[in-house]
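Values in this text are rule-based calculations from the coordinates and carry no lab data. Every value quoted in this text rests on a predicted model; they were computed, and no experiment measured them. Heads up, the Cβs are rebuilt from the backbone with ideal geometry, glycines too, and the neighbour counts pull from every protein chain shown.
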Amino acid sequence: MKKSTLFLFFTFLFFSSFADGYNFLYNERCVGAYKEYLSLNMEDGNALIRQELAANPYNLSAVFISDYEDFFSLLFNGNKSQFDQFKNHLDARISLLEKGDTRNPWYRIAKAGIYMHWAMINLRMGENYKGAILFRKAYLLAKENQTKFPAFEQNKFFLGIGETVVGTLPDEYKWIASLFGMKGNVNKGLAKLTSFINNSSADDLLRSEAVIIHCYLKFYLQSRQQEVWNFVSGSQFPTQGNALHAFVKANIALNYRKADAALSTLKNIQSSKAYSMFPAFDYEMGSALLLKLDNNASVYFNKFINNDRGKLFVKDAYMQMAQSYYLQGNMQKAAYYRQQIKNNGSTNTDSDKQAQRFAEDNTWVAVPVLKARYLIDGGYYSRALDILNDCNVQSLSSVADKLEYYFRMGRAYDEMNLDAKAVQYYQTTISQGRERKEHFAARAALQLGLMYERLGKKQDAATMYRTCLSMKNHDFQANIDQQAKAGLDRLNF
């Protein structure tokens, strides 16, 4: 049964007169379908849902679980035409779920789950206001369910996410908090999510994604990177046969400066259907290769651009290709791909905005500084330091290059636990760059805050987080501010 046929089946159910037969039956087939979708095995998940709906046509759990196909397909691929084609599935599924028994705790939570899916999809498509409204609906349904069924553990999934996200919203998104009518708190929100995970079993609905979301929130908002890395690298988070786990592990590896681990993880699933179905895997592969200055990175960025039907990270991919060829000394190709940025993709993400600015500029980052940037982000600190130490900072012609030089020196020493040297370079970056649009000064303040927090110097850490937040109109403003706010929240300042 194709997706369109499955949707016609939903339509048939919608107009059926046997409303009293609707139920929430989380049986073996539903458990299996949920596992398949959460492994990005879409065909196997669809097959189990078809079997379940044939056997139990009024099982609303199957209706809810079927939404994961749209969720992952649209979230990963960002296909606007597919979004326009399938966005009516939201209302159709909600209408079906409303035929359920309001006395069942799943009645509100299943609807909350679908609203949450489509909130994230709309945000992915740049529909921020619609996404915020749907996110609010999900949160309010969970809040109502908590009042009616306080012992129902799945309530905590939505309440925990809502409280955590609202607690770290950057200033430009504060209007979302007013929609919720609440003040968020990272620690309390994560505590709810942790409680749900600890009090549920591996097969329970919502648990698999709760574990993944929990990892990202701890990684970015609680600065518990090593703990998260240990978890996604362990047996409790298997990547064999689970493409979603593999993507998460590779993505966290890239953000934790472990390019070799990301490459190994991605290569192990390169022959899977999911890898070929979702171009984002090629984007991750290109990113991992570029971080070790491998010239094959452009092959994967090009595959991503050619196969992706969305607009997110397209400008960034072109920028990475341009810079890769620039580092190889091929200025003809570097200039060509730089030009492509202007007419392709969108500027809905910080990295794509940076790529657009890069395309509109006529300068290039100094070769040693750019090489050090990639190598440090890949975890190759000694190689980066060798390159930077061979470069005379006074020979760099632009202020931006000098700022990045100081910041990268600080990052390399920081990661090598040479704190005194790291502080020196971070402070130089802040003093010389706090009034500029480049993000290096704000990032230096953020990294100093993280360093002081790690060393137990809470007051110094809070001071640096506030210094970070005091800097305005720089690159990556929202992302950096969110991390600084999370730092203050962790410290209870």
Q: Highest first, please rank the peptides 300-307, 159-166 by the mean number of other Cβ atoms sitting within 10 Å of their residues.
A: 159-166, 300-307
Q: Provide Rg and Dmax in Å for the range 98-153, with only Cα atoms included in the calculation.
A: 12.1, 36
Q: Among A191, T463, S298, flag the residue with its Cα farthest along the positive direction of the charge dipole of the chain, charges on Cβ as +1 for Lys/Arg and -1 for Asp/Glu.
A: T463
Q) How would you rank 482-492, 341-351, highest first, on the average number of other Cβ atoms within 10 Å across their residues? A) 482-492, 341-351
Q | Relative packing of peptides 87-94, 387-394, 207-214, 31-38 - highest average C-beta neighbours within 10 Å first | A | 31-38, 207-214, 87-94, 387-394
Q) Quick one: net charge of V399's neighbours, Cβ under 9 Å, K/R +1, D/E -1? A) 0
Q. Relative contact order (percent) for the range 315-420, with alpha-carbon contacts under 8 angstrom and 6 or more residues of separation?
A. 21
Q.
With just the Cα atoms defining each centre, how far is the range 336-370 from the range 141-156? Give it in Å.
A. 46
**Q.** Size of electric dipole in the chain: Cβ of Lys, Arg +1 and of Asp, Glu -1, about Cα centre, debye, nearest 20
**A.** 620
Q | For the range 47-77 versus the range 273-329, the gap between their alpha-carbon centres in whole angstrom | A | 32
Q: Quickly estimate the mean residue ellipticity at 222 nm for the chain, helices only: each DSSP H run with n ≥ 4 gives -39500 (n - 2.57), and the total goes over all residues, rounded to 500.
A: -22500 deg cm²/dmol
Q | Partner aspartates and glutamates for K485 [C-alpha distance under 19 Å; skip if fewer than 8 residues away on the same chain] | A | E163, D171, E172, D350, E453, D460, D475
Q) Using alpha carbons only, how many degrees (0 to 90, rounded to 10) separate the axis of helix 186-198 from the longest principal axis of the chain? A) 50
Q: Using log10 I(q)/I(0) by the Debye sum over Cα atoms at q = 0.06, 0.08, 0.10 Å⁻¹ as the read-out, say which of (i) -0.46, -0.73, -0.95; (ii) -0.29, -0.52, -0.81; (iii) -0.24, -0.43, -0.68 was calculated from these coordinates.
A: (ii)
Q | Kirkwood hydrodynamic radius of the range 393-493, from inverse mean 1/r over distinct Cα pairs, in Å | A | 13.3
**Q.** Cα-centred dipole magnitude for the range 393-493, charges only on beta-carbon of K, R (+1) and D, E (-1), debye, nearest 20
**A.** 160
Q | Unsatisfied cross-links (Cα-Cα over 29 Å) in the set K267/K437; K315/K421; K80/K472; K188/K458; K87/K192; K35/K292 | A | K267/K437; K315/K421; K80/K472; K87/K192; K35/K292
Q: Return a whole-number percent for the relative contact order of the range 84-158, with Cα pairs under 8 Å and 6 or more residues apart as the contact set.
A: 27
Q | Rel. contact order, % - alpha carbon contacts under 8 angstrom, at least six apart, the chain | A | 10
